[in-house]
Every structure is written in structure tokens, then in C-alpha cells.
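Every number here is computed from the coordinates shown, using simple stated rules; none is lab data. All figures in this text were calculated on a predicted structure; none of them were measured in a lab. Cβ placement follows ideal geometry from the backbone for every residue including glycine, while neighbour counts extend to all protein chains displayed.
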Amino acid sequence: MGKYDAYRNRLLASGATHQMDMMNSTKRQAASYIMNSPSLSHVSLDRNETTIPAIASDDNLPNTKRFLFLPDTEVNIGDYVYYEGNHYLATRRNYDTIYPELRCELCNWNFRLIIGESKIIVDRDPQGRPIYDTIRDVADFPCVLDTKVYSALSNEVMALPAGAMIIKMPHDPEHLVEINYDVQVRNMEYQVTEVNYENVINDIGFIEINLQRVVNKGGFDE
């Protein structure tokens, strides 16, 4: 009998199984691999100040990275991964509890969203009636702004039509992006034409926002 057999048998007697024993052993090996890796980094998830261990590696597409986490780390698409001074948006993940991994895209812009409005009295008219001013509460969401899309069918990157952009950002059920919402991108006016929720499940995930550059009545870009 090996020196660990008695301990292992006590675990099995308390309700553990050989499968659980093997699973835990594999998780310990995976954790040891990450913690002792020369590529070990510490990242934060969803703007949380607490950092956690991870291994970052380049992906096969520009401005994308893969992050490998310790076993049982809870990760989701739509998560932010803060790494080396940048936010990355998780757009794909695996469902392996031993080797949880996120594929992330570099956030290259901040989407400014109005999340509330309030009115304050700024003056009174000659009759003493209050004059109000509207104060807008805004929040900046790091996002992926792109003029190209990746086609899985042709395995290539294709340019969007002129004046069109796509934004990827986390889904926030409390602050929805509305159609026709006006957005200014690099001193040009854009408008939201579509919001895609294909990558949102149970209010977790990320949305894709289609933008179109605004043109004036004469047909020229503003």
C-alpha cells in the first residue's frame, strides 16, 4: 500500500469518489502550472481592484489575447480583463472548469452612454417661476470599435461599408442602448442603427452596436 492510500481511502469513505480524487489532482496540477509559469501575470476582472493569477498569450487575430485562469475561476463573455494598462473585452470562452480560458479583444475606445437625467433650478423668471436645467449622468464603457468584421465562412477579415462601424461592449440590463442614439466618434456624428443581443444569455454577455455616420439633408457627411 502506498503512503497516500490510507488518506485517499478515508476521503472515499467520507463520500468522495475516485473520479473526484482524480479531478482534484488534475486541478492541483493545473494550478501549479499557472502559478509556476514564467508567463504568470496578475489581472483584474470587471474593473475589480483585486487581481488574480492568469497566463496571457497572443491570439491569431490582431489585438486579441487569450487568458488562462486558475481552475474554477468564474469567467464569462462580456467580462473586462484589465491587463498591462489596457481593458480587454471577453468575446469567447471555454467551459472547462480545470482550464477556464477567455479570448479577449483590446478595447480601443470609450462608449459614452447617458444613464440618467435630473433637473436643477438655475434661475427664476420675472413671475418667480423656476427655470430648470437638465443634468445628464453619463458613464464611459471601454469597448471594441471596428470598421471590419471577421467572416468565419471565408476565414478572413472584411471591411464594413463606408460610414459604418461596429462596437462591442458588455451588456448592461440596467442601461440599454437605444436605436437612433447619437454618438460622436473622433469628431464625427454617428447614430445607432441596430443593437445585436446574439451573445447575451441570461443578461450575461456582450452586445454588438451598429453605427452609421450621420449625413445632412444634402447627402453630405456632417
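Taken along the Cα-to-beta-carbon direction at a fixed 7 Å, the label points for Met188 and Ala139 span 2.9 nm. An ellipsoid equivalent to the range 49-157, defined through the eigenvalues of its Cα gyration tensor, has semi-axes of 43, 19, 11 Å when rounded to whole angstrom and sorted largest first.
Here the dipole of the range 5-106 is about 240 debye; that uses its Cα centre as origin and unit charges on the Cβ of Lys and Arg (positive) and Asp and Glu (negative). Here the extension length gained between Ser39 and Asp123 equals 24.2 nm, from 0.36 nm per residue of separation less the Cα-Cα distance.
Each Lys and Arg Cβ is given +1 and each Asp and Glu Cβ -1; about its Cα centre, the range 44-188 then shows a dipole of about 340 debye. If you take the alpha carbon atoms of the range 110-213 and fit the smallest convex hull around them, that volume is 131 Å³ per residue. Taking 0.36 nm per residue of separation and subtracting the Cα-Cα distance, full extension of the segment from Asn180 to Lys27 would add 50.2 nm. In percent, rounded to a whole number, the relative contact order of the range 5-106 is 22, using alpha-carbon pairs under 8 Å and six or more apart.
Which order results if Thr97, Thr134 are arranged by neighbouring Cβ count within 10 Å, fewest first?
The most exposed by this proxy come first: Thr134, Thr97.
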